[in-house]
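S.K.: Sharing a structure with you now.
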Amino acid sequence: MRTTIRGRNLTVSEKDRAYIERKLQRLERMLDDRSEAEVDLRVEGRAKAGDSHIVEVSVTAAGQRLRGVGASSTFTAAADEVIDKIERRVVEARQRPRKRRRSEQARYAESALPPEAIAGPDEPEEDSRIVKVKRFAIEPMFEEDAITRMEELGHTFFIFVDAENMRIAVLYRRKDGRYGLIEPEVGA
């Protein structure tokens, strides 16, 4: 695994660099040689001094980008926190069924979003404003056809016009593997 460790407006000490590289070696046994890890270290002035040292880790493996952020009073503690998160994500990604992983990779490959826009749930939101609008043609179809189309695309939801009543509907995959259907009503 190729590793890059950078300090933003600071020089990374050899002690911190060696510690982070040693921690990242745990990931190497789970990833292939083409994997990359980028680590950014920075210090921010925060109201709570206990989380002023920030470590951001971004790992690219098998066409998938896993990102995480750790904050603590030292770089080593922040690195422990974030690398543990990334390690759990790598294990979860490896345990997912292979078929689903391929469909996710295809979805990200076809997506117009840059890899930086695919962020993990523990990353702080910089701005909550809409940054992209996507328009597409919707064609009338039956629920069964919508399920098939959603599965082909590898999405967890699909918007379509129901051919039975010519109204917009949202099909989504539930956590139990079944499907749900949302039929909005204006002014209800």
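S.K.: State the number of residues belonging to region 20-41 that are surrounded by 16 or more Cβ atoms within 10 Å (Cβ to Cβ) and over 18 Å from Ala93 (Cβ atoms).
M.R.: Selection size over region 20-41: 5.
S.K.: Here's another thing I want to ask about it. Would you mind stating whether Glu183 is at pLDDT 85 or above, surrounded by 10 or more Cβ atoms within 10 Å (Cβ to Cβ), over 20 Å from the mean Cα position of the chain (by Cα) and acidic (Asp, Glu)? Break it down into steps so the answer makes sense when it comes.
M.R.: Working: at pLDDT 85 or above: yes; surrounded by 10 or more Cβ atoms within 10 Å (Cβ to Cβ): yes; over 20 Å from the mean Cα position of the chain (by Cα): yes; acidic (Asp, Glu): yes.
So Glu183 passes the test.
S.K.: Sticking with this structure for a sec: Pick from Thr11, Thr76: which is assigned to a loop (DSSP other than H, G, I, E, B), assigned by TED's automatic domain parsing to the domain that holds Ala93, over 17 Å from Ala93 (Cβ atoms) and hydroxyl-bearing (Ser, Thr, Tyr)? Talk me through it step by step, then tell me what you get.
M.R.: Numbers: Thr76 fails: assigned to a loop (DSSP other than H, G, I, E, B).
Thr11 is the lone residue from the list that is assigned to a loop (DSSP other than H, G, I, E, B), assigned by TED's automatic domain parsing to the domain that holds Ala93, over 17 Å from Ala93 (Cβ atoms) and hydroxyl-bearing (Ser, Thr, Tyr).
S.K.: Restricting the first residue to region 173-187 and requiring it to be without any contact (Cβ under 8 Å) to a residue 60 or more places away in the chain, which pairs with a second residue that is surrounded by 10 or more Cβ atoms within 10 Å (Cβ to Cβ) and in a loop (DSSP other than H, G, I, E, B) meet a Cβ separation below 7 Å and a spacing of at least six or different chains?
M.R.: From residues that are without any contact (Cβ under 8 Å) to a residue 60 or more places away in the chain, the pairs are Arg173/Thr156.
The values are calculated or read from the model by the stated rules, or taken from the named source; none is laboratory data. On a predicted model such as this, the values are computed, not experimentally measured, just so you know. Positions of Cβ are generated from backbone atoms using ideal geometry, with glycine treated the same way; all protein chains shown enter the neighbour counts.
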